[in-house]
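All of the numbers you see were taken from the coordinates with simple rules; none came from a lab. What you see is a predicted model, and the numbers here were worked out from it, not measured in a lab. Cβ placement follows ideal geometry from the backbone for every residue including glycine, while neighbour counts extend to all protein chains displayed.
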Amino acid sequence: MSVFSEAELLLDVRGLNVDYEADNGTVHAVKDVSFTLKRGEILGLAGESGCGKSTLAFGVARLLRPPAITTAGEVIYYPRDREESSLTHMHNLPVVDGGVDVLSLTQRQLRAFRWNELSVVFQSAMNALNPVLSVGSQIIDVLKTHWPGKGRDYYTKRAIELLDLVNIAPDRLKSYPHELSGGMRQRVVIAIAMALRPELIIMDEPTTALDVVVQREILELISSLCKEFNTALIFITHDLSLLLELSDNIAIMYAGQMIEKATSYDIYKHPRHPYSYGLLHAFPTLHGEQRKIAGIPGAPPDLRTLPPSCAFNPRCPMAFGPCSTIVPLLQLATPGDRQQVACHLYNHEFSQRIPETEEIAASYEALAEGSISR
Ligand SMILES: Nc1ncnc2c1ncn2[C@@H]1O[C@H](COP(=O)(O)OP(=O)(O)OP(=O)(O)O)[C@@H](O)[C@H]1O
Ligand SMILES: [Mg+2]
């Protein structure tokens with residue numbers, strides 16, 4: 001049976017759990033996370049520091065190192081049959097539900113999967129370039145390793161095309177990383193990530209070290225390249241406002257769980273989870289009149305000792321009865337809706353009526369004024 005497919009679905013992550021085994025206890029960094037990604041979809045992944053964003057992304061890309069252990073779940077990838085990918089010529093790929101079973105790939109298969117199918121741009125990526133090699137030789141190295149035997153002219157031509165994609169002049173091929181600005185280095189890293197035309201790119205806080213103007217240029221570049229090549233993107237940041245314009249969909253994590261997933265428009269217009277509201281309004285947004293709150297009071301919980309309740313309960317201005325005793329699961333906020341939320345306010349067993357966004361806003365204000373307490 002072939003694992004290759006032209007259908008829309010690219011990635012299906014089901015019930016992924018990742019732990020870190022530490023001396024003082026097991027850190028449950030990713031807890032039962034499920035989501036799907038379509039070809040060409042831009043998914044923003046947001047949440048406070050330490051909520052498990054990088055661990056989730058690394059788990060999907062099989063980049064986790066000990067003491068991390070994937071204890072449960074499946075990552076299913078649906079490749080297209082295409083000349084550029086060495087996965088296309090590979091036999092005995094592990095299969096689950098008609099796709100590639102990423103968590104069972106051998107090391108050799110993983111090498112074909114990475115770069116060809118999926119590339120990752122890390123946090124502080126612009127410092128990831130090798131300082132003693134020219135930009136051109138670093139791009140050509142990647143091309144040669146994965147597409148060997150093509151001849152020097154081919155690689156140089158392709159490297160020039162890649163630099164052109166990210167608006168860098170061909171004479172920069174000979175430049176060393178220290179001769180480029182931070183923004184240019186970041187664009188070179190993006191060119192390298194796109195070099196083998198992967199179907200999926202994961203970017204983990206790629207722009208945090210850049211000033212806001214350059215950051216914006218880079219985001220626009222990433223977005224236009226992904227649209228041009230129909231490349232799917234998982235873009236990670238703790239700054240939700242950055243994602244609103246870039247992403248088709250946004251997933252929000254809290255304490256290792258995905259607590260809301262919806263279109264950017266829906267998250268912006270009516271975040272359902274009180275945490276999403278807090279995160280959205282804790283940052284000054286790029287556009288529109290916004291209510292600004294003074295951050296979310298309190299701190300995220302210890303991931304070693306999560307209670308069997310909603311992890312956000314101790315900080316939540318809307319918490320009620322079941323929040324302290326039952327873990328909410330990610331489900332549709334309302335029937336027929338596409339917005340998914342893990343919150344008892346949307347569970348008709350516990351709640352008679354869905355709260356308006358205004359009510360969530362008012363509850364944060366009441367908390368700040370001290371008229372309610374947590
Ligand atoms: N090697 C490790 N050993 C033990 N715990 C770890 C290790 N790496 C990460 N963790 C813990 O796992 C949790 C998730 O970390 P992760 O780096 O995925 O969060 P993040 O959302 O990417 O945060 P940030 O926004 O700061 O990058 C955190 O509580 C972190 O302390
Ligand atoms: Mg991280």
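Estimated at 0.36 nm per residue, the fully extended path between Y154 and D302 surpasses their Cα-Cα distance by 48.0 nm.
Histogrammed with a bin width of 10 Å, the alpha carbon distances of the range 71-140 distribute as 16, 40, 27, 16, 1 percent, first bin at zero. Assuming a viscosity of 0.890 mPa s and a temperature of 25 °C, what translational diffusion coefficient in µm² per second does Stokes-Einstein assign to the chain, Rh being the Kirkwood radius over Cα pairs? In µm²/s, the coefficient rounds to 112. A Cα-only calculation for the range 104-201 places Rg and Dmax at 13.3, 43 Å. Sequence gap at least 6, Cα distance under 8 Å: using those rules, report the relative contact order of the range 279-369 to the nearest whole percent. With pairs under 8 Å counted, the relative contact order is 19 percent.
With the convex hull drawn around the C-alpha atoms of the range 197-332, the volume per residue stands at 142 Å³.
With 19 Å as the limit, the listed pairs K144/K174; K144/K227; K31/K53; K38/K227 have K144/K227 beyond it between alpha carbons. Remark: spin-label model distance E8-H89 equals 3.4 nm, labels positioned 7 Å along the Cα→Cβ axis.
Pairs of Cα atoms nearer than 8 Å and 6+ residues apart set the relative contact order; for the range 125-197 it is 48 percent. The longest stretch of the chain left intact once loop-based GluC sites (Glu not before Pro) with at most 13 other Cβ atoms within 10 Å are removed from consideration, loops following DSSP, is 84-288. When the convex hull of its Cα atoms is viewed from all sides, the range 279-369 shows a mean projected area of 7.2 nm². Here the relative contact order of the chain, from alpha carbon pairs under 8 Å that lie six or more residues apart, stands at 18 percent.
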